[in-house]
1. Would you mind classifying segment 287-360 by shape? Square roots of the alpha carbon gyration tensor eigenvalues, ordered a ≥ b ≥ c; an a/c under 1.5 is rounded, otherwise it is prolate if a/b is larger than b/c and oblate if not.
2. Among the GluC sites (Glu not before Pro) within segment 261-320, which fall in a DSSP loop and have no more than 11 other Cβ atoms within 10 Å of their own Cβ?
3. Going by how many other beta carbons lie within 10 Å of each one, how would you line up Lys239, Lys229, fewest first?
4. For the chain, set up a GNM with springs between Cα atoms under 10 Å and report which of Ile126, Ile360, Ile85 has the largest fluctuation.
5. When DSSP beta bridges are limited to those with both residues in segment 9-248, what percentage is antiparallel, rounded to the nearest 5?
6. Which of the chymotrypsin sites (Phe, Trp or Tyr not before Pro) found in segment 23-120 are in a DSSP loop and have at most 13 neighbouring Cβ atoms, other than their own, within 10 Å?
7. How big, in percent, is the set of alpha carbon pairs in the chain lying more than 36 Å apart?
8. Glu373 versus Phe355, label points 7 Å from Cα toward the beta carbon: distance in nm?
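All of the numbers you see were taken from the coordinates with simple rules; none came from a lab. Since the structure is predicted, the reported quantities are computational estimates derived from the model, not experimental observations. No Cβ is skipped: glycine too gets one built from the backbone with ideal geometry, and neighbour counts run over all protein chains shown.
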Amino acid sequence: MKIKLFLITLMVTSCLFAQRTPETIQSKKLGNRTFTVVTPPSYASSPEKKYPTLLVLDGEYLLDPFEGILKYGAYWDDLPEMIIIAIDQNNGETRFADSEFDDAGFPAGTGANFFEFIGQELYPYIDKKYRTLPFRIIAGHDTTAGFLNFYLYKDNPIFNAYISLAPEMAPEMEKRVAERLAKMVKPVFYYQATGEGDLKEINEKAAELDANIKAVPNAIFKYQNDAFKGASHYSLVAKAVPNAIYFIFDGYQPISMVEFQDKILKLEVGYTDYLIAKYDELEKRFGFKMKPRLSDFKAIEAAILKNKAYNELMPLSDFANKHYPKTTLGTYHEALYFEKTGNYKKAIKSYQKAFTQEAIREITKDFMMNRAEALKGKPDEPTEDVPAETPTEQPTEKQE
């Protein structure tokens, strides 16, 4: 009995944590190469879900900081879950051989083989074995940070986002990266970080690349450069990793109080459109097909009520019914629209629909029936200023 209980506990807890899987691939170009694949906590319990990928070079020491911030962000729904592929490169001179380039500043020898290995062998293997989305990030440190820039030299690079930490650049790279970014026809995210206490050569070339990138006119790529004061070649990694990940996934987070106050409340119209556009952009940019968060519905509803833009409750109801059918959410917004515009008879009928629907959060059947009961006997008097107690509050800093 104890053994059975232990096995059940093990199965349950394994679904709550990320799973690390050591992998080996027989490369035609490089021989045996080892790497670790980290699947997120929901991977086993959500068999239909697909995930973006993060390829971490120097995986032996960069995996932990990246995995840690992704775990933390995903816990608060600030960052999406991802599949991490961490390549082992710290055996002897492997990382330097993998990053080899010629005098002209292009991949050469084992560097050229490693470049092709990632695109022609590693990713086909990963995409076949794991449930991946097309959105890919690559990250590296010093030598490998310089190497990852070579993927931007291709007309159709296989990565969507680049995290370059204290890069040691090949010849002309500080010019070529900016030139290639200027020619991008699809959105690309580029993040670079340096530390004040690093080698002079690293910081000078990074500063030159920063200036060249900032000089690109009409850029369609997104770019951020961090130069950390007091940071060393190694300590900058701890500062840069969260900045880089949050930079790439800016906009993924639930609506915050700052966004609510500074953007949404200041709108004159288009509150529901703002919500729709937020999730359309996430799908377009990252490939996520996610249900709009209930807390975001709540924020938009709060803005509508505060600005008395009651007509927008109906499109909000339609959007809710699309993503949460058979629940009380869309019905509640429909009924609230009729109530706030003084159409009490229609409001009562709408609230009563909840009797056959599934409750969602605080919008329970009892809540909806009580709202209907409170309106009985009131004559229709269309108005924009009908006081009504709702379960809606403005968003707080801590989103559920």
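1. Details: a/c = 2.43, a/b = 1.24, b/c = 1.97.
Oblate is the answer for segment 287-360, as a/c is 1.5 or above yet b/c matches or exceeds a/b.
2. Numbers: sites: Glu268, Glu281, Glu283, Glu301, Glu312; in loops: Glu268.
Filter output for segment 261-320: Glu268.
3. By the 10 Å Cβ count, ascending, the order reads Lys229, Lys239.
4. Ile360
5. Numbers: 14 of 40 bridges.
Bridges in segment 9-248 are about 35 percent antiparallel.
6. Numbers: sites: Phe35, Tyr43, Tyr61, Phe66, Tyr72, Tyr75, Trp76, Phe96, Phe101, Phe114, Phe115, Phe117; in loops: Tyr43, Trp76.
Counting only loop positions with at most 13 other Cβ atoms within 10 Å, the chymotrypsin sites (Phe, Trp or Tyr not before Pro) in segment 23-120 are Trp76.
7. 39 percent
8. Spacing of the two 7 Å Cα→Cβ label points: 1.3 nm.
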